[in-house]
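Participant: Let me begin by handing over the structure; questions about it come next.
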Amino acid sequence: MYKIITSSPSDVHNISLCHKLCFAQSLSTQLGMAYIKKSFEWFLTRDNCFLFHVTNNDGAVIGYCGGFIPRFVGDGSTSGIMQYTMGQAALGVLLHPWLLLHTEIMAMYPLIAKNIRRKLFSKKPLQATAAPPVGFDKRAGLVVIGVHPNYRGTGIFTTLMNEFEKKAQQRGLDKLVLSVKKNNARAISAYTRQGWFIHKEHQTTLEMSKYLQ
């Protein structure tokens, strides 16, 4: 019997262990456990984020999912996580300097520089100063999702996706978005089966959406 649990700080360690197994070769795993744990901790520090996980009969984490709801133009999960984990990321690179040449890090150099300047010179974090402009999309972004390798193909992914939709609906949202690498055919296929569609294409990623009824 699987159980869906709204994550708390005490769950972060076990979720991070599951993440390492899900994405053994990922940049986040290479940056180290401290970085992974800090990344998941970020979801629990903001009221416009949510994090939940699935456990098996033994209480082990076998899947997890994290969402983010932007509040204004420029409010992004990538920048937010980057600022929150800057110390752990720097330590990870210091211990593994070859990661400076990692393609994902190199692609983020401009954003990294921007966030370092913000960290050094801004007294307050970026926040809304007025009502969102007309046309601003209220949406829930799927930021992270993972299923333990031993439980793939058992319905855990669908369970996580359904719960993500439920949490978006509870917040009055009917639009869902995510970003996925173009070369991740398996993930794209899985999202498509869940009713998501591609709405924008970038050089290395695809933006996918789903509207809830």
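Participant: I'd like to know if the range 151-173 contains one or more residues that are in a strand (DSSP E or B), at pLDDT below 95, surrounded by fewer than 12 Cβ atoms within 10 Å (Cβ to Cβ) and not hydroxyl-bearing (Ser, Thr, Tyr).
Facilitator: Looking for residues that are in a strand (DSSP E or B), at pLDDT below 95, surrounded by fewer than 12 Cβ atoms within 10 Å (Cβ to Cβ) and not hydroxyl-bearing (Ser, Thr, Tyr), one finds none in the range 151-173, hence no.
Participant: Can we say ARG186 is within 27 Å of ASN14 (Cβ to Cβ) and surrounded by fewer than 12 Cβ atoms within 10 Å (Cβ to Cβ)?
Facilitator: yes
Participant: Which condition number does LYS138 fail, the rest of (1) outside any loop (DSSP other than H, G, I, E, B); (2) within 18 Å of the chain's Cα centre (by Cα) being met?
Facilitator: For LYS138, the failing item is (1).
Participant: Six or more apart or on different chains, Cβ under 9 Å: which pairs go from a residue in the range 139-155 that's under 16 Å from THR55 (Cα atoms) and touching a residue at least 24 places away in the same chain (Cβ under 8 Å) to one that's among the hydrophobic types (A, V, I, L, M, F, W, C) and part of a loop (DSSP other than H, G, I, E, B)? Could you list them?
Facilitator: Between residues of the range 139-155 that are under 16 Å from THR55 (Cα atoms) and touching a residue at least 24 places away in the same chain (Cβ under 8 Å) and residues that are among the hydrophobic types (A, V, I, L, M, F, W, C) and part of a loop (DSSP other than H, G, I, E, B), the close pairs are GLY146/PHE23; HIS148/ALA60; PRO149/ALA24.
Participant: Is it fair to say THR85 is exposed (fewer than 13 other Cβ atoms within 10 Å of the Cβ), modelled with pLDDT under 95 and of a type in the set (Val, Ile, Thr)?
Facilitator: no
Participant: Within the range 33-69, count every residue that is surrounded by 18 or more Cβ atoms within 10 Å (Cβ to Cβ) and more than 18 Å from ILE145 (Cα to Cα).
Facilitator: The total comes to 0.
Participant: Mind checking which residues of the range 50-99 are among the hydroxyl-bearing types (Ser, Thr, Tyr) and part of a strand (DSSP E or B)?
Facilitator: Initially, the range 50-99 is screened for residues among the hydroxyl-bearing types (Ser, Thr, Tyr), giving 55, 64, 77-79, 84-85.
Result: THR55, TYR64.
The values are calculated or read from the model by the stated rules, or taken from the named source; none is laboratory data. This is a predicted model, so every value here is computed, not measured. Because the Cβ atoms are built from the backbone with ideal geometry, glycine has one as well, and the counts that use them run over all protein chains shown.
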